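Here the structure comes first, spelled out in structure tokens, and everything after it is commentary.
The values are calculated or read from the model by the stated rules, or taken from the named source; none is laboratory data. No experiment lies behind these values; they were computed from the predicted model shown. Because the Cβ atoms are built from the backbone with ideal geometry, glycine has one as well, and the counts that use them run over all protein chains shown.
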């Protein structure tokens, strides 16, 4: 079926060409980083996790969010989501591969990832994070590709795909919970040392991921023959709304706990993110932008008349997605390194090399997603 991705319109080829150019630029930047080491990045002794790891953290949530389509469809027989379940599964495949690539580029010696396989350490949270990510990737590949093959043949998918779908639901929740444990299990980082870190991760994932999926559905509706039912879009938008409300609520709980307890270590990161600390305020504009966009998106999505307007809906979803990215893909990781173990502040500023590599990794993800969606649309046009 992959041969169907070789044929398309001029717009399709232009998009593929654009992604390939970015991938080549990202690859050249990575070669430079590989030759000279991580010293060409903005990371340092005090900030050992930069944008690579923060993007990994965010994209794990996007991957896990496919479950928000699968749960209503498989557990509650909500047929409205039947047409877009496979879109969520293919989005999960692309997102997990992007996650793995971010881990790969973050390693100074990338071949060391083999240590996880050759010398497994079950007591390590990172070992289990690798296991659940690989398992989730394989589950979505098997389910999505088999279901698509069955559609091409005009027959129902094998029964085992439904069994795997039931397994994938708790598995999806586990991949982001496991990632949250990577942070919550570090007692030396006050900002991450929280019992509700996993809940924050899941709520932001279930807001950002479905928001991206709806945006993709709207783009497919506009530029292709794939038409997502409006009822499915509206139902998914409601999920985004409530998940984002929960995400904001959990964050406010963190703020209350930090400042009411008056523990300096817990307050320092939040002060740094929102008002600056000791003259260091690089992230303040980004975090206030996230706050404004989060409340704006929630308000627009809560009003049914606004939500049913496709233009307003798109704007609200973009607001939610960007807010979640600024919070988890930027502030969460970088804020956790303030202050360091010696109560000093070292600000992190990504380099051009880092940013180019990041764009290249995202371009690979979009290329894979484009190919999978192209095959899906071509198959359904023939059925």
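Please work out if residue 247 is in contact (Cβ under 8 Å) with a residue 60 or more places away in the chain and not in a helix (DSSP H, G or I).
no
Is it true that residue 289 is farther than 30 Å from residue 80 by Cα and part of a helix (DSSP H, G or I)?
Yes: the conditions hold for residue 289.
Check every one of the helices (runs of 4 or more DSSP H) wholly within segment 54-150 and list those with 3 or more residues that are modelled with pLDDT under 90 and over 24 Å from residue 322 (Cα atoms).
115-118
Modelled with pLDDT of 95 or more, within 20 Å of the chain's Cα centre (by Cα) and closer than 17 Å to residue 91 by Cβ: does that describe residue 368?
yes
Kindly establish whether residue 282 is touching a residue at least 40 places away in the same chain (Cβ under 8 Å) and outside any helix (DSSP H, G or I).
Answer is yes for this residue.
Can you report the number of residues in segment 32-53 which are part of a helix (DSSP H, G or I) and either touching a strand residue (DSSP E or B) at 6+ places or on another chain (Cβ under 7 Å) or closer than 30 Å to residue 175 by Cα (or both)?
Number of matching residues: 6.
Go through (1) more than 19 Å from residue 288 (Cα to Cα); (2) buried (at least 23 other Cβ atoms within 10 Å of the Cβ); (3) in contact with a strand residue (DSSP E or B) (Cβ under 9 Å, 6 or more places away or on another chain) one by one and return the number of the condition residue 339 breaks.
Going through the list (1) more than 19 Å from residue 288 (Cα to Cα); (2) buried (at least 23 other Cβ atoms within 10 Å of the Cβ); (3) in contact with a strand residue (DSSP E or B) (Cβ under 9 Å, 6 or more places away or on another chain), residue 339 breaks only (2).
Take residue 361 and decide whether it is modelled with pLDDT of 95 or more, buried (at least 22 other Cβ atoms within 10 Å of the Cβ), within 19 Å of residue 93 (Cα to Cα) and in contact with a helix residue (DSSP H, G or I) (Cβ under 6 Å, 6 or more places away or on another chain).
yes
Checking the structure you have, find out if any residue of segment 188-205 is over 30 Å from residue 267 (Cα atoms) and either in contact with a helix residue (DSSP H, G or I) (Cβ under 6 Å, 6 or more places away or on another chain) or at pLDDT below 90 (or both).
No, segment 188-205 contains no residue that is over 30 Å from residue 267 (Cα atoms) and either in contact with a helix residue (DSSP H, G or I) (Cβ under 6 Å, 6 or more places away or on another chain) or at pLDDT below 90 (or both).
Need the failing condition index for residue 351 against (1) out of contact with any strand residue (DSSP E or B) (no Cβ under 9 Å at 6 or more places or on another chain); (2) at pLDDT below 90, just the number.
The number of the failed condition is (2).
Condition test on residue 137, is it surrounded by 17 or more Cβ atoms within 10 Å (Cβ to Cβ) and without any contact (Cβ under 8 Å) to a residue 60 or more places away in the chain?
Yes; evaluated as a whole, the condition is true for this residue.
Testing residue 227 on (1) more than 27 Å from residue 125 (Cα to Cα); (2) within 20 Å of the chain's Cα centre (by Cα); (3) modelled with pLDDT under 90, one condition comes back false. Which one is that?
Here residue 227 clears every test but (2).
Tell me, please, whether a residue that is buried (at least 16 other Cβ atoms within 10 Å of the Cβ) and free of Cβ contacts under 8 Å to residues at least 40 places away in the same chain can be found in segment 62-73.
Among the residues of segment 62-73, at least one is buried (at least 16 other Cβ atoms within 10 Å of the Cβ) and free of Cβ contacts under 8 Å to residues at least 40 places away in the same chain, which makes the answer yes.
Would segment 143-154 turn up any residue that is free of Cβ contacts under 8 Å to residues at least 60 places away in the same chain, on the phi < 0 side of the Ramachandran plot and within 17 Å of the chain's Cα centre (by Cα)?
no
Restricting to segment 247-276, and then to whatever is surrounded by 14 or more Cβ atoms within 10 Å (Cβ to Cβ) and at pLDDT below 90, can you tell me which residue is nearest to the chain's Cα centre (by Cα)?
266
Test residue 232 against the stated conditions and say whether it is at pLDDT below 95 and either in a loop (DSSP other than H, G, I, E, B) or farther than 30 Å from residue 381 by Cβ (or both).
For residue 232, the condition - at pLDDT below 95 and either in a loop (DSSP other than H, G, I, E, B) or farther than 30 Å from residue 381 by Cβ (or both) - is not met.
Take the residues in segment 175-229 that are part of a helix (DSSP H, G or I) and free of Cβ contacts under 8 Å to residues at least 12 places away in the same chain; name whichever of them is surrounded by the fewest Cβ atoms within 10 Å (Cβ to Cβ).
222
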